[in-house]
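Below is one structure, written out as structure tokens, with a few remarks after it.
Every number in this text was worked out from the coordinates using simple rules, so none of it is lab data. Treat the numbers as computed from the prediction; the structure is a model and nothing was measured. All Cβ positions, even for glycine, are placed from backbone atoms using ideal geometry, and neighbour counts span all protein chains on display.
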Amino acid sequence: MASSRRTRSTTERVNLYEQITNRIIAELESGRVPWVQPWGSSRAAIGMPYNAVSNRRYSGLNILTLWNAVVERGFAGHAFLTFRQAIALGGSVRKGEHGVGIIYTRRFIPGEERRRAENEGREPSGGIPFLKSFTVFSVEQCDGLPAHICEPPPPIPEGLILPQAEALIAATGADFRIGGAMAYYSPRHDYVQVPRPDDYFEPVNWHRTALHEVCNIASVLISRTVDGLCALLFPNHRTACCAISGRES
């Protein structure tokens, strides 16, 4: 029985190490270059990942794992906590959010050895190493956390967005959102999202990206208008209408 537990523990440990190692290798192999993506993927300042409740820094492979999450998911900070910690603080993890798997290693010292070491005035020796896996979430994936735990990102520095561009975007009436690590237009939810201008290596590239995504709204509206006119003028020619709008029937 004990042998079975040891085998299972060893297998779990190998699997955890493999998962983390493969994740790191995949990130290194994916390599993002400035001329493909003209903004820095990380919204967070340089820092070490830490537990938002205990303020203790994570160590070992967990640092690389959480750094990868910060960059890949566009988190603005390095604070993480577990599901139970969020609940204990009176908050909750938002539905649909996915956490990050990390590992916790420690050596279990039997009580007898601890007492013997204390009587002999020495550090305990031996012990049984063990490994556990945990799932943690960024504080930005939670709602209802105390203000000192979940601080909002700093305001966008003045002067990075040209007034003319800001006025043009506002005049379109688009639902325009700034934040995250990706630039896109969501036709389903009808909004544009682009990274913060201070994430870009060159301010001009933020304006290019923002206006490009706003133009995507216009293209969708034009397509919908063409579809509507076709349906009105040629109700029995759906295939022809789809061909005019450039969409498949």
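Here are some notes:
- Each peptide in 101-108, 196-203 receives the mean, over its residues, of other Cβ atoms within 10 Å, and ordering these scores from highest gives 196-203, 101-108.
- Computed from the C-beta positions of ASN22 and GLU158, the FRET efficiency with R₀ = 35 Å rounds to 0.20.
- Full extension of the chain segment joining ASP143 with ALA88 gains 18.5 nm, where the gain is 0.36 nm per residue of separation less the Cα-Cα distance.
- Size of electric dipole in region 61-174: Cβ of Lys, Arg +1 and of Asp, Glu -1, about Cα centre, debye, nearest 20: 580
- Value in Å of the Kirkwood radius, where region 96-199 supplies the Cα pairs that are averaged: 19.4
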